[in-house]
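See below for the structure under consideration.
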Amino acid sequence: MRFKDKVAIATGGASGIGAAFVRRLHGEGASVMIADLDAEKGGALAAELGERAAFRQVDVSDPAAMAALAQATADTFGGIDVLFNNAGIGCFGETPDLDIEQWKRVIAINLDAVFYGSKAVIPFMRQRGGGAIVNTASASGMAADYAFTAYNAAKAGVINYTRCLAIDHARDGIRANAICPGPVDTPLLVTGVDAIQGLRADWERRVPMNRFADPAEIAAVAAFLASDDASYLTGASIPVDGGLTAHTGQPD
Ligand code: NAD
């Protein structure tokens, strides 16, 4: 019960890694605000969890909506201790072919929203004497994928923005860290991957552990970073990738 009497917000909390994080924190005693565009899945998860869970439909790329989310969470549960900035989208395209509006949308959801969410919750965390922000970056922010231009750039931005948050707010008692997942078995990844025959097996072969992660394995690390177990850990970006970014690419 590491999160007894704590209040957490999880963006992208209706699906995949975000939903696994919601389940984990709720199971360890937190009150959880699920924030997502998807009202059907988000509402169903909040209803399933019952007491200490609520859903709010939010577009994370809208700064006013993020400010309203923070206020609504504090009004509902009495404060804010944890923010999981996790909502994200992907998009293919090499630079000459990538539509400018697509670039802007990926940067808005994957990077700008991390700033909007953090900006909105820090005053509430200061009122509590501290807090923890966990940002979902990616292995694709530590190295690059072919033709995943905007996503790679956004996730690298999340990693360095997390360092800014960490050093600027260490004296407020607010810690900020990022997780860098490799391939995870969620709709964001597998919808595209499973549409191409053989791609999943090829990808799994390149991960030293030879498999995609289960979302709960990523959520467990995010929960650790959000908890007091990580009380001296701030500004870090932790690969949770089955060894992917430890590998040089040397053929086996
Ligand atoms: P997912 O598709 O299961 O979940 C993403 C959630 O974000 C969805 O519920 C979606 O509705 C929500 N969302 C999308 N745009 C939104 C918006 N504008 N406002 C509010 N909510 C929005 O995918 P996932 O894999 O769980 O993704 C979670 C995070 O993990 C993302 O930031 C993603 O980039 C990152 N990530 C995923 C993988 C992977 O392989 N799946 C790897 C590394 C990083």
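Please return the longest range in the chain lying between exposed loop sites, taking GluC sites (Glu not before Pro), DSSP loop only, at most 16 other beta-carbon atoms within 10 Å, and leaving the sites out. Display every interim value, and only then the final one.
On the way: sites that count: 28, 51, 94.
Here the longest segment lacking exposed loop sites spans 95-252.
Taking 20 °C and 1.002 mPa s as the conditions, I'd like the Stokes-Einstein D for region 165-252 in µm²/s, using the Kirkwood hydrodynamic radius from alpha carbon pairs. Mind showing how you got there, number by number?
Working: Rh = 14.7 Å.
Result for D is 145 µm²/s.
With N denoting the number of residues in the chain, provide Rg(C-alpha) divided by 2.2 N^0.38 Å, to two decimal places. Each step should come with its number before you reach the end.
On the way: Rg = 17.4 Å, N = 252, 2.2 N^0.38 = 18.0 Å.
With N residues counted in the chain, Rg over 2.2 N^0.38 Å equals 0.97.
Using only helices, what value at 222 nm comes out for the chain when you add -39,500 (n - 2.57) per DSSP H run of length 4 or more and divide by the total residues, to the nearest 500 deg cm²/dmol?
Details: 9 runs with 110 residues, N = 252.
Mean residue ellipticity at 222 nm (helix-derived): -13500 deg cm²/dmol.
Kindly identify region 67-208 as rounded, prolate or oblate by the Cα gyration tensor criterion: order the square roots of the eigenvalues as a ≥ b ≥ c, call it rounded if a/c is under 1.5, otherwise compare a/b with b/c, prolate if a/b is larger, else oblate.
Values: a/c = 2.17, a/b = 2.01, b/c = 1.08.
Cα axes put region 67-208 in the prolate bin.
How would you rank 104, 4, going from fewest to most other Cβ atoms within 10 Å of each one's own Cβ? All intermediate terms of the calculation are to be shown ahead of the outcome.
Numbers: 104 13, 4 9.
So the residues, fewest neighbours to most, are 4, 104.
For the chain, the longest stretch holding no chymotrypsin sites (Phe, Trp or Tyr not before Pro) located in a DSSP loop with at most 16 other Cβ atoms within 10 Å is which? Working shown, then result.
Details: sites that count: 92, 146, 232.
The answer is 1-91.
Largest first and to the nearest Å, give the Cα extent of region 1-107 along each principal axis.
Principal extents (Cα only, largest first): 50, 25, 25 Å.
How big is D, in µm² s⁻¹, for region 99-146 by Stokes-Einstein at 4 °C and 1.567 mPa s if Rh is the Kirkwood radius over C-alpha pairs?
Values: Rh = 12.8 Å.
Rounded, D is 102 µm²/s.
Quick one: net charge around residue 114, please, counting Lys, Arg +1 and Asp, Glu -1 for every other residue with C-beta under 13 Å from its C-beta. Mind showing how you got there, number by number?
Numbers: positive: 119, 155, 163; negative: 112.
Taking every Cβ under 13 Å from that of residue 114, the sum is +2.
What is the helix-to-structure angle for 113-128, meaning the angle in degrees between its Cα long axis and the longest Cα principal axis of the chain, kept from 0 to 90 and rounded to the nearest 10?
Result, in degrees: 30.
In region 155-252, with Lys and Arg counted as +1 and Asp and Glu as -1 at Cβ, which of these residues, 219, 231, 248, has the Cα nearest the positive end of the dipole, that is, farthest along it?
248
Laboratory data are not the source of any read-out in this text; all were calculated from the coordinates shown. Since this is a predicted model, take the numbers as computed values, not measurements. Cβ atoms come from the backbone with ideal geometry, glycine included; neighbour counts cover every protein chain shown.
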